[in-house]
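Okay, structure first, notes after.
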Amino acid sequence: MGEAYAERESRFDGAIVWTRHVPQGPVRPVLPDGCMDLLWIDGRLIVAGPDTHAYEPSEGTGGRFTGIRFAPGTAPALLGVPAHELRDLRVDLADLWPGAQVRILTERIADAADPAAALESLALWRAAATEPPDPLMRSVAGQLARGRSVAATAHTAGLGARQLHRRSLAAFGYGPKTLARVLRLQRALALVRTGLPYADAALAAGCTDQAHLAREMRELAGTTLTAYCEALAKSDTAQPSGSRTTA
């Protein structure tokens, strides 16, 4: 039996609660998706920052993983740290929040019958005590996710190029052009997973052609479309490529 993956929409606006079981063998790389995750792994609460390239798990060869994946721009307010400070990192939540508080939260999730639900409750509890995410940057992320150009998005947001870049670093971990590339790749991969031919998926996602998509796949994901599809075929469930796992 191969990997098993399940997800559902969270009560936290825009977030996804997910679980993943890898019974044996290495954990596949995590591809950049513009998101940040709060993870429950081996009795630890871990934050996965926004990735600019494929993340290669450094430990473990399987296990059960639980997480809540926050939409681009929503996690920094919750965590109390700008996204760029966590770019391409996996850090213990205790490095960001008071250690005594994290110990209590860790014990609560460890004792829960449903760690995924407990993790979601943690996020909702924290959100009630913090400022909401920047609505303008959530709008920016939404426009870029729909394939709108960075220039057009900046114009609609009423921001100059430097302002948009600065606020994007805090909200997303990198500039709007990088976020646009990451989201475009994810759109293309979602289409590929439906069985659409590579060339058609590339054009529908906003790439100039299949070669453009192939280059983006190598630069951002560190693999090829063929290798990606072969890896999915070996899994019981073709989970989204952004599903985070080990620290």
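The values are calculated or read from the model by the stated rules, or taken from the named source; none is laboratory data. Worth saying up front: this structure is predicted, and the values here are computed from it rather than measured. Glycine gets a Cβ as well: all are built from the backbone with ideal geometry, and neighbour counts include every protein chain shown. Calculation scope for accessible area: heavy atoms of the full protein, side chains included, ligands and nucleic acids excluded. Shrake-Rupley method; radii C 1.70, N 1.55, O 1.52, S 1.80 Å.
Is it the case that Arg184 is of a type in the set (Lys, Arg) and buried (at least 18 other Cβ atoms within 10 Å of the Cβ)?
Yes, satisfied.
Do any residues in the range 205-228 that are free of Cβ contacts under 8 Å to residues at least 40 places away in the same chain have Cβ atoms under 8 Å from those of residues that are among the charged types (D, E, K, R), where the two are at least six apart or on different chains, and which pairs are they?
Every condition considered, the pairs that remain are Cys207/Arg184; Cys207/Glu216; Glu216/Arg181; Glu216/Arg184; Thr224/Arg218.
Of the numbered conditions (1) out of contact with any Leu (no Cβ under 9 Å at 6 or more places or on another chain); (2) among the hydroxyl-bearing types (Ser, Thr, Tyr); (3) assigned to a helix (DSSP H, G or I); (4) buried (at least 16 other Cβ atoms within 10 Å of the Cβ), Tyr174 fails exactly one; give the number of that condition.
(3)
For the range 81-98, what are the residues that are open to solvent by 80 Å² or more (accessible area, probe 1.4 Å) and in a helix (DSSP H, G or I)? I'd like the intermediate steps shown before the answer.
Going through the range 81-98, the residues open to solvent by 80 Å² or more (accessible area, probe 1.4 Å) turn out to be 85, 87, 95, 98.
Correct list: Glu85, Asp95.
Of all residues in the range 101-116, how many are surrounded by fewer than 16 Cβ atoms within 10 Å (Cβ to Cβ) and aliphatic (A, V, I, L, M)?
4
Within the range 67-80, take every residue that is within 13 Å of the chain's Cα centre (by Cα) and over 15 Å from Leu169 (Cβ atoms) and give me the one that is surrounded by the fewest Cβ atoms within 10 Å (Cβ to Cβ).
Once the filter is applied, the top-ranked residue is Ala71.
Between a residue in the range 171-199 that is touching a residue at least 24 places away in the same chain (Cβ under 8 Å) and among the β-branched types (Val, Ile, Thr) and any residue that is surrounded by fewer than 22 Cβ atoms within 10 Å (Cβ to Cβ) and part of a helix (DSSP H, G or I), which pairs come within a Cβ distance under 7 Å, given they are 6 or more apart or on different chains?
Filtered contacts from the range 171-199: Val182/Leu220; Val192/Tyr198; Val192/Leu225; Val192/Cys229.
Considering only residues that are in a strand (DSSP E or B) and within 21 Å of Pro23 (Cα to Cα), look in the range 47-66 and name the one that is most open to solvent (accessible area, probe 1.4 Å).
If we take residues in the range 47-66 being in a strand (DSSP E or B) and within 21 Å of Pro23 (Cα to Cα), then Arg64 is most open to solvent (accessible area, probe 1.4 Å).
Looking at the range 136-161 only, could you name the residues that are open to solvent by 40 Å² or more (accessible area, probe 1.4 Å), assigned to a helix (DSSP H, G or I) and at pLDDT 95 or above?
Listed by number, the residues that qualify are Leu136, Arg138, Ser139, Ala145, Ala151, His155, Thr156.
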